[in-house]
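Inspection log for the structure reproduced underneath, given as structure tokens.
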Amino acid sequence: MLSENPNRKKRSEINIRQMEIDDISGVYHLGEDLFTSEEFPILYRTWDAYEVTDYFTSDPDYCLVAESEGRVVGFILATTIEKEGTAWKKYGYLSWIGVAEDYQRTGLALRLYKRLEEKFRKDGVRMVIADTEADNQEAISFFKEMGFALSAKHVWLGKTLTRPVKSNAKPPSTSLPVGSFGTEDVRGEEKASSARDS
Ligand SMILES: CC(C)(COP(=O)(O)OP(=O)(O)OC[C@H]1O[C@@H](n2cnc3c(N)ncnc32)[C@H](O)[C@@H]1OP(=O)(O)O)[C@@H](O)C(=O)NCCC(=O)NCCS
């Protein structure tokens, strides 16, 4: 006999519904587990409580949760963007989607996404956009499965802005981590500015 996937919960046990004020904490904590800084060290947008409250207060219609036994086990935070003079005029933007690890690969994100897409469609959205880190393979596979195409590659660059070093100040005792984002540039800039100043 085939053993049952322990992750697979009965569909009827999981309720997908619009997010409510009491879900804010559950969504925030689930996001904290999923969007960890070790995994996404240079995430250009950071997961924090304001992400949740901002989307919830401005666009509650596009904030959905999946609930199982009173616990938030999945969510979507999304919004719409209207841009006159562009091809599609009204865009849906899926900003965050997450499913608790013990519920992943059970079709839950798919159910959340389909519900969101239905709402977008009713509201006149003709193009949905989403973004993720280039190395987030699970998310890319998921979005492709939902019909998204990788239409453009966008490269984010980062540079750490250091404070000017006072001429009589002792050099810092810790060195910048080699290979960290922007380190080479910063050092180059400091050398260039001390050459200019001398
Ligand atoms: C991406 C994520 C939301 C997918 O949630 P999920 O509920 O596991 O996805 P589903 O079960 O609905 O998957 C639907 C399909 O997407 C694809 N998919 C989903 N997760 C995948 C993975 N880890 N590897 C490969 N394909 C995957 C599969 O085709 C899957 O269908 P299948 O299971 O029948 O093969 C989940 O992995 C997650 O929360 N990741 C961490 C947060 C994150 O990175 N969010 C995206 C950026 S905001």
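Restricting to the stretch 15-36, give me the number of residues that are of a type in the set (V, I, T), at pLDDT 95 or above and either surrounded by 13 or more Cβ atoms within 10 Å (Cβ to Cβ) or in a loop (DSSP other than H, G, I, E, B) (or both).
3
Away from the ligand (no atom under 13 Å from the Cβ), surrounded by 12 or more Cβ atoms within 10 Å (Cβ to Cβ) and among the aromatic types (F, W, Y): does that describe F142?
no
Let me spell it out: the conditions are (1) more than 16 Å from the ligand (Cβ to nearest atom); (2) touching a strand residue (DSSP E or B) at 6+ places or on another chain (Cβ under 7 Å), and E69 meets all of them except one. Which number is the exception?
(2)
Could you check D185 against (1) at pLDDT 95 or above; (2) touching a Lys or Arg at 6+ places or on another chain (Cβ under 6 Å) and say which number it fails?
Every listed condition holds for D185 apart from (1).
Can you tell me how many residues within the stretch 108-163 are more than 21 Å from Y62 (Cβ to Cβ) and not aliphatic (A, V, I, L, M)?
16
Identify, from the list R105, R126, the residue that is modelled with pLDDT under 95 and more than 14 Å from the chain's Cα centre (by Cα).
R126
Of all residues being within 16 Å of the ligand (Cβ to nearest atom) and polar (S, T, N, Q) in the stretch 81-115, which is surrounded by the most Cβ atoms within 10 Å (Cβ to Cβ)? Just the residue, please.
Taking the candidates together, the pick is T106.
Of all residues being within 11 Å of the ligand (Cβ to nearest atom) and touching a residue at least 24 places away in the same chain (Cβ under 8 Å) in the stretch 116-135, which is farthest from E82 (Cα to Cα)? Just the residue, please.
E133
The values are calculated or read from the model by the stated rules, or taken from the named source; none is laboratory data. Note that the coordinates shown come from a computational prediction; the quantities given were computed from them, not determined experimentally. A quick note on method: Cβ atoms are made from the backbone with ideal geometry, for glycine too, and the neighbour counts reach across all protein chains shown.
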